[in-house]
Amino acid sequence: MTQDELKQRVGQAAADYVNAHVPEGSIIGVGTGSTANCFIDALAASKSRYRGAVSSSLATTARLESHGFKVFDLNDVDTVPVYVDGADEIDASGAMIKGGGGALTREKIVASVAEVFVCIADASKRVDVMGTFPLPIEVVPMARTAIGRKVAALGGVPIVRVTQDGMPFITDNGNEIIDVKSLSITDPRGLEAQINAWPGVVTVGLFAARGADLCLLGTEQGVERIDY
Ligand code: 5RP
């Protein structure tokens, strides 16, 4: 089975989970990326069950709207019973690296409001120790070099994310991203708190303080549910 087929499988499993556990008329929190897209496509079949969605990126908003979902501003929403999103890595505690698609800040905001965070991932994302996937940090552009020095002092290798044209990658919030290579993240909560405290950091793509509550992991044997 290809990685794309595994993603479709967990996207469908997440739609089944939401349809079974989330009350009708709810507003669903929706993440960003290829796995989240599979979830959106699968949930579209039951969209009349929901008032709409809160989106974590402009790309996700466009995909939701293409299916006819109403997309709400988070400021106009009182409760988000569930947030469904992918991950770049997830460890045994449900802590994740996210932000490979650059949407980490809005993802973290919606996740912080949601009652339940459902991570959807193919089996390649499960790791013992995070850090093989470069850790994204969204930064205010004028702080890019200063934050790069702090990253290097931690033993990481900071790489400013660029587009295919070689231009700085700009997030939906108008900021830049530093991807940090060569970290072995043995204390995800501690590192998340440390990096978030640096001036100029908007968000670090470590989701440990608010990790996943459960993961639907796509494997060759089927979808495995892991509760944290
Ligand atoms: C985007 C994310 C994504 O959830 C993460 O990059 C996983 O993406 P994909 O499902 O395409 O593998 O954090 O900012």
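The values are calculated or read from the model by the stated rules, or taken from the named source; none is laboratory data. A quick note: this is a predicted structure, and the numbers were derived from the prediction, not measured. Here the Cβ positions follow ideal geometry from the backbone for every residue, glycine too, while neighbour counts run over all protein chains shown.
Miscellaneous remarks
- Those residues of the stretch 112-121 which are crowded, with 24+ Cβ neighbours inside 10 Å and either more than 24 Å from Ile27 (Cβ to Cβ) or more than 9 Å from the ligand (Cβ to nearest atom) (or both), in sequence order: Phe117, Val118
- Within the stretch 192-208, tally of residues that are free of Cβ contacts under 8 Å to residues at least 24 places away in the same chain and either within 16 Å of the ligand (Cβ to nearest atom) or surrounded by 22 or more Cβ atoms within 10 Å (Cβ to Cβ) (or both): 1
- For the stretch 88-100, a residue qualifies if it is within 13 Å of the ligand (Cβ to nearest atom) and part of a loop (DSSP other than H, G, I, E, B), and the qualifying residues are Asp88, Lys98, Gly99, Gly100.
- Of all residues in the stretch 130-178, those that are crowded, with 19+ Cβ neighbours inside 10 Å and in contact with a Leu (Cβ under 7 Å, 6 or more places away or on another chain) total 5.
- Strands (runs of 3 or more DSSP E) within the stretch 5-87 that include 2 or more residues crowded, with 20+ Cβ neighbours inside 10 Å, within 11 Å of the ligand (Cβ to nearest atom) and at pLDDT 95 or above: 80-85
- The residues of the stretch 146-202 that are among the charged types (D, E, K, R) and part of a loop (DSSP other than H, G, I, E, B), listed by number, are Arg161, Asp165, Asp172, Asp187.
- For the stretch 107-140, the set of residues classified as in a strand (DSSP E or B) and over 16 Å from Leu217 (Cβ atoms) consists of Ala114, Glu115, Val116, Leu135, Pro136, Ile137, Glu138, Val139, listed by residue number.
- Residue satisfying all of: in the stretch 126-143; free of Cβ contacts under 8 Å to residues at least 40 places away in the same chain and in contact with a strand residue (DSSP E or B) (Cβ under 9 Å, 6 or more places away or on another chain); farthest from the ligand (Cβ to nearest atom) among these: Pro141
- Residues of the stretch 86-132 classified as over 12 Å from the mean Cα position of the chain (by Cα) and within 14 Å of Ser55 (Cα to Cα), total: 2
- Among the numbered conditions (1) crowded, with 22+ Cβ neighbours inside 10 Å; (2) acidic (Asp, Glu); (3) more than 16 Å from the ligand (Cβ to nearest atom), the only one that Glu107 does not meet is (3).
- Pairs where the first residue, in the stretch 96-109, is outside the structural domain of Val80 (by TED's automatic domain parsing) and the second is near the ligand (Cβ under 6 Å from one of its atoms), C-beta under 7 Å, 6+ apart: none
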